[in-house]
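Each value in this text was obtained by applying a stated rule to the coordinates, not by laboratory testing. No experiment lies behind these values; they were computed from the predicted model shown. With ideal geometry, Cβ positions are generated from the backbone for all residues, glycine too; neighbour counts draw on all protein chains shown.
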């Protein structure tokens, strides 16, 4: 599918970091134009560093509540973007019974970064900026 879909689901391993950031960035870029949600393969708690780096650009994700793919009531998304290998495998299973297009965006997990706080925050900022570029490239400019 090319162009801007009407609905997107971002899926990662725990819905604690990558997929909530992608969801929030897409909603920020395309308010009311695209229905966007995010889930994880498993449960996870929202990562405080993700909250911090998103806050730096004026996007608040502090109220995000983690959701699991198995708990989704509606799986009829035009595009499912997976951000981890585990999520990719689950999405492929899901699309055996849906008409969704699956896109895999290999995305590093900044929570495994080592070092002092500033070095770890830099990894989270790199992820945020990577997601911004991918979202703009794939779904178009703001608006």
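Does residue 84 count as within 14 Å of residue 37 (Cβ to Cβ) and either surrounded by 13 or more Cβ atoms within 10 Å (Cβ to Cβ) or in contact with a helix residue (DSSP H, G or I) (Cβ under 6 Å, 6 or more places away or on another chain) (or both)? No: the conditions fail for residue 84.
Would you check if residue 28 is under 14 Å from the mean Cα position of the chain (by Cα), assigned to a loop (DSSP other than H, G, I, E, B) and either in contact (Cβ under 8 Å) with a residue 60 or more places away in the chain or surrounded by 16 or more Cβ atoms within 10 Å (Cβ to Cβ) (or both)? No.
Every residue, every condition in (1) out of contact with any strand residue (DSSP E or B) (no Cβ under 7 Å at 6 or more places or on another chain); (2) closer than 20 Å to residue 47 by Cα; (3) assigned to a helix (DSSP H, G or I), yes or no:
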position: 108; (1), (2), (3): yes, yes, no
position: 118; (1), (2), (3): yes, yes, yes
position: 121; (1), (2), (3): yes, yes, yes
position: 132; (1), (2), (3): yes, yes, yes
position: 138; (1), (2), (3): yes, no, yes
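Here 43, 74 are screened, and the one residue that is surrounded by fewer than 22 Cβ atoms within 10 Å (Cβ to Cβ), assigned to a loop (DSSP other than H, G, I, E, B), out of contact with any helix residue (DSSP H, G or I) (no Cβ under 9 Å at 6 or more places or on another chain) and touching a residue at least 12 places away in the same chain (Cβ under 8 Å) is 43.
Among the residues making up the stretch 89-104, those that are touching a residue at least 40 places away in the same chain (Cβ under 8 Å) and crowded, with 16+ Cβ neighbours inside 10 Å are 90, 91, 100.
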